[in-house]
Every structure is written in structure tokens, then in C-alpha cells.
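Report on the structure given below.
The values are calculated or read from the model by the stated rules, or taken from the named source; none is laboratory data. Predicted model only: the values in this text are computed from it and were never measured. Here the Cβ positions follow ideal geometry from the backbone for every residue, glycine too, while neighbour counts run over all protein chains shown. Ligands, DNA and RNA are excluded from the accessible area calculation, which covers all protein heavy atoms including side chains. Shrake-Rupley method; radii C 1.70, N 1.55, O 1.52, S 1.80 Å.
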Amino acid sequence: MRLILNVIWLIFAGFWLAVGYAVAGLICCVLIITIPWGIASFRIANYALWPFGREVVDKPGAGTGSLLGNVIWIIVAGIWLAIGHVITGIALCVTIIGIPLGVANFKLVKVSLVPLGKEIIEVP
């Protein structure tokens, strides 16, 4: 079932989300001082491609640097990304077929709001 949901997600939403996050990651890496956010954007892009069967958890040992980076991220981009994922998730949940895709969008809210100090793991 996860494979089917991931393929549907990839076709209808995941590819374009991943491209957007990857472009943002490239821009962040070019600007050198924003490389941590670039790496986080690449992590989100990877997650946006194939979200079913994976989940975001806190990385052990993430400290003050991640906290400060996340505060800056929330102010600059995180809140807008999270709002976008929530609105898209609600729109997808209007139809029965779109409910799993809406849930996947809601899963992206957590990592798009505070990406630093997080890791993506496989769910057994």
C-alpha cells in the first residue's frame, strides 16, 4: 500500500515539491552562510519525494545551534511553508481519494517549520 501511495504522491505532488525544495537548497548553498538551511532543504526534498513509510524525528544531540537556526528559519520561510502545506492538506482532504495525500502534506508541516535538528527514518 505504501508503494502505491508513494507513486500517486510522486506523480501528483511530490515531484514538484521536491524540485522546489531542491532549488531552495541550491540557492542556500550558493550563499555560503545559509548552507545549514540548504542541507535541510535537500533533506525535505528527499522526504517530499517519498513520504509514506518514513517519519521525521528529533536528532539526538541537536543543540543550541539548531534552535537558533530554526528560529531564523521560522521567521524567514518556515511559517509560510507550513501554512502552504496545511492549506494544501486541507484541500486534498476534501475528497476521499485525496485524504492520504492530505495526511502526507500534514506530515511535511513539522519538518518545513523546524528543519534543523531533525532526521528522517524508515517506519517498520
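Taking the numbered list (1) part of a helix (DSSP H, G or I); (2) open to solvent by 70 Å² or more (accessible area, probe 1.4 Å); (3) at pLDDT 90 or above in turn, Val94 passes all entries but (1). How many residues are closer than 17 Å to Ser112 by Cα, open to solvent by 70 Å² or more (accessible area, probe 1.4 Å) and not β-branched (Val, Ile, Thr) if we restrict to region 1-40? Qualifying residue count for the region: 3. Looking only at region 97-124, which residues are assigned to a helix (DSSP H, G or I), within 13 Å of the chain's Cα centre (by Cα) and without any contact (Cβ under 8 Å) to a residue 60 or more places away in the chain? If the condition is that a residue be assigned to a helix (DSSP H, G or I), within 13 Å of the chain's Cα centre (by Cα) and without any contact (Cβ under 8 Å) to a residue 60 or more places away in the chain, then Val103, Phe106, Lys107, Val109, Lys110, Leu113 are the ones that fit.
Pairing each residue of region 41-63 that is within 19 Å of Trp73 (Cβ to Cβ) with any residue that is in a helix (DSSP H, G or I) and of a type in the set (Lys, Arg), provided the two are 6+ apart or on different chains, yields C-beta distances under 7 Å for Val56/Lys110. Of all residues in region 41-65, those satisfying the criterion of being of a type in the set (Gly, Ala, Ser) and open to solvent by 30 Å² or more (accessible area, probe 1.4 Å) are Gly61, Ala62, Gly63, Gly65. Screening Ile79, Ile75 for residues that are more than 16 Å from the chain's Cα centre (by Cα), surrounded by fewer than 18 Cβ atoms within 10 Å (Cβ to Cβ) and part of a helix (DSSP H, G or I) leaves exactly one candidate, Ile75.
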